[in-house]
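J.: My questions will all concern the structure given below.
The values are calculated or read from the model by the stated rules, or taken from the named source; none is laboratory data. All figures in this text were calculated on a predicted structure; none of them were measured in a lab. Neighbour counts are summed over all protein chains in view; Cβ atoms, including those assigned to glycine, are modelled from backbone coordinates with ideal geometry.
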Amino acid sequence: MKDKVSENLLEKWLTAWSLSRKLSLPVQYKSGFKVEVGEEKQKQRYVFSEPNEDFFELSYIIDESWVYLKVCAASDRFIKNIPEKWKIEPQGYMMYCFHPMNIPDSKLADGYNLECSEDGFVFTIKIIAENGELASIGRLVLVDNLAVYDRIVTDEKHRRKGLASFVIKELEKIALSKDVFNNFLVATEEGRLLYENLGWEVFSLYTSIVIPSKI
């Protein structure tokens, strides 16, 4: 792992995350950033590169449910210094790949079609099954010299056919065509294993905490 996520890198990734979801761009909040998400179970998110004084201060100020605090660190670096009202979410991983991915050129599995669309800096690859179902999807967002891969999902009925790897490979081709070689994403535990097989490495742990609804 790298030593620390820089504020610049964090802002680029969070900008891409917001663009991918058509949200307002992140705004500076002291040493971190704030995004208005507007969902029922994620109203806002505050993101910090480390568990510092600003992070701890917010953990005491926030009492509203479904406002997330997120930090590029393991939970054991802060858990003893925040109120018990917070729940730790499953571990996330910031990952990077600053070289070509380990994905051999392959043919899309029979019975599937590829669709590609572009909306500003956001590129979307979809794989559609013969019956019209969305089998797999992924997005690429380019922010300066960073290619951020986001919301890569394969429907459970269509797994174990190499669809996710195919989507990632197609997204990588787009990034390379734009002369962007620095790849970045945030993965779940399950996703981390896939990306490591493709040549990605963990840049930093990424931990989320939230106050759940009392109902």
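J.: Filter the stretch 137-151 for residues that are out of contact with any Leu (no Cβ under 8 Å at 6 or more places or on another chain) and more than 17 Å from L176 (Cβ to Cβ); which is surrounded by the fewest Cβ atoms within 10 Å (Cβ to Cβ)?
T.: Top of the filtered list is R151.
J.: Something else about it: Report yes if D110 is of a type in the set (D, E), closer than 30 Å to E172 by Cβ and in contact with a helix residue (DSSP H, G or I) (Cβ under 9 Å, 6 or more places away or on another chain), otherwise no. Talk me through it step by step, then tell me what you get.
T.: Numbers: of a type in the set (D, E): yes; closer than 30 Å to E172 by Cβ: yes; in contact with a helix residue (DSSP H, G or I) (Cβ under 9 Å, 6 or more places away or on another chain): no.
In short, no.
J.: Just name the residue that is surrounded by the most Cβ atoms within 10 Å (Cβ to Cβ) out of those in the stretch 83-117 that are polar (S, T, N, Q) and in contact with a strand residue (DSSP E or B) (Cβ under 7 Å, 6 or more places away or on another chain). Outline the logic, then answer.
T.: Looking only at the stretch 83-117, we keep the residues that are polar (S, T, N, Q), and these are 91, 102, 106, 113, 117.
Still in the list and also in contact with a strand residue (DSSP E or B) (Cβ under 7 Å, 6 or more places away or on another chain): 91, 113, 117.
Details: Q91: 15, N113: 12, S117: 10.
If we take residues in the stretch 83-117 being polar (S, T, N, Q) and in contact with a strand residue (DSSP E or B) (Cβ under 7 Å, 6 or more places away or on another chain), then Q91 is surrounded by the most Cβ atoms within 10 Å (Cβ to Cβ).
J.: Report yes if S117 is modelled with pLDDT of 95 or more, small (G, A, S) and outside the structural domain of G138 (by TED's automatic domain parsing), otherwise no. Steps first, please.
T.: Values: modelled with pLDDT of 95 or more: yes; small (G, A, S): yes; outside the structural domain of G138 (by TED's automatic domain parsing): no.
So S117 fails the test.
J.: Hey, among L9, L25, L58, which residue is crowded, with 16+ Cβ neighbours inside 10 Å and closer than 16 Å to V143 by Cα? Walk me through how you get there before you give the answer.
T.: Values: L25 fails: crowded, with 16+ Cβ neighbours inside 10 Å; L58 fails: closer than 16 Å to V143 by Cα.
None of the other options fit; the residue is L9.
J.: Can you tell me which of L58, L114, L23 is more than 16 Å from V186 (Cβ to Cβ), in contact with an Asp or Glu (Cβ under 9 Å, 6 or more places away or on another chain) and not acidic (D, E)? I'd like the intermediate steps shown before the answer.
T.: Working: L58 fails: in contact with an Asp or Glu (Cβ under 9 Å, 6 or more places away or on another chain); L23 fails: more than 16 Å from V186 (Cβ to Cβ).
The match here is L114.
J.: Shifting gears a bit: Can you spot a residue in the stretch 161-181 that is in contact with an Asp or Glu (Cβ under 8 Å, 6 or more places away or on another chain), under 18 Å from W17 (Cβ atoms) and either free of Cβ contacts under 8 Å to residues at least 40 places away in the same chain or buried (at least 16 other Cβ atoms within 10 Å of the Cβ) (or both)?
T.: Taking the stretch 161-181 first, the residues in contact with an Asp or Glu (Cβ under 8 Å, 6 or more places away or on another chain) are 169.
With the extra rule that they be under 18 Å from W17 (Cβ atoms), the set shrinks to none.
There is no residue in the stretch 161-181 that is in contact with an Asp or Glu (Cβ under 8 Å, 6 or more places away or on another chain), under 18 Å from W17 (Cβ atoms) and either free of Cβ contacts under 8 Å to residues at least 40 places away in the same chain or buried (at least 16 other Cβ atoms within 10 Å of the Cβ) (or both).
J.: Hey, any hits in the stretch 11-21 for a residue that's among the β-branched types (V, I, T) and touching a helix residue (DSSP H, G or I) at 6+ places or on another chain (Cβ under 7 Å)?
T.: Start the filter on the stretch 11-21 by keeping residues that are among the β-branched types (V, I, T), which leaves 15.
Now narrow it down to the ones that are touching a helix residue (DSSP H, G or I) at 6+ places or on another chain (Cβ under 7 Å): none.
No, the stretch 11-21 has no match at all.
J.: Does the stretch 201-210 contain any residue that is in contact with a Leu (Cβ under 9 Å, 6 or more places away or on another chain), at pLDDT 95 or above and either closer than 25 Å to A129 by Cβ or part of a loop (DSSP other than H, G, I, E, B) (or both)?
T.: The answer is no; no qualifying residue exists.
J.: Oh, and also: When the stretch 1-37 is examined, which residues are found to be part of a helix (DSSP H, G or I) and polar (S, T, N, Q)?
T.: Initial filter on the stretch 1-37 (part of a helix (DSSP H, G or I)): 7-20.
Selection gives N8, T15, S18, S20.
J.: Something else about it: Within the stretch 118-130, is there a residue that is in contact with a strand residue (DSSP E or B) (Cβ under 9 Å, 6 or more places away or on another chain), more than 28 Å from V167 (Cα to Cα) and surrounded by fewer than 19 Cβ atoms within 10 Å (Cβ to Cβ)?
T.: No, every residue in the stretch 118-130 fails to be in contact with a strand residue (DSSP E or B) (Cβ under 9 Å, 6 or more places away or on another chain), more than 28 Å from V167 (Cα to Cα) and surrounded by fewer than 19 Cβ atoms within 10 Å (Cβ to Cβ).
J.: Name the residue, out of E39, E50, E64, that is exposed (fewer than 15 other Cβ atoms within 10 Å of the Cβ), more than 26 Å from F123 (Cβ to Cβ) and acidic (D, E).
T.: Values: E39 fails: more than 26 Å from F123 (Cβ to Cβ); E50 fails: exposed (fewer than 15 other Cβ atoms within 10 Å of the Cβ).
Testing whether each residue is exposed (fewer than 15 other Cβ atoms within 10 Å of the Cβ), more than 26 Å from F123 (Cβ to Cβ) and acidic (D, E) leaves just E64.
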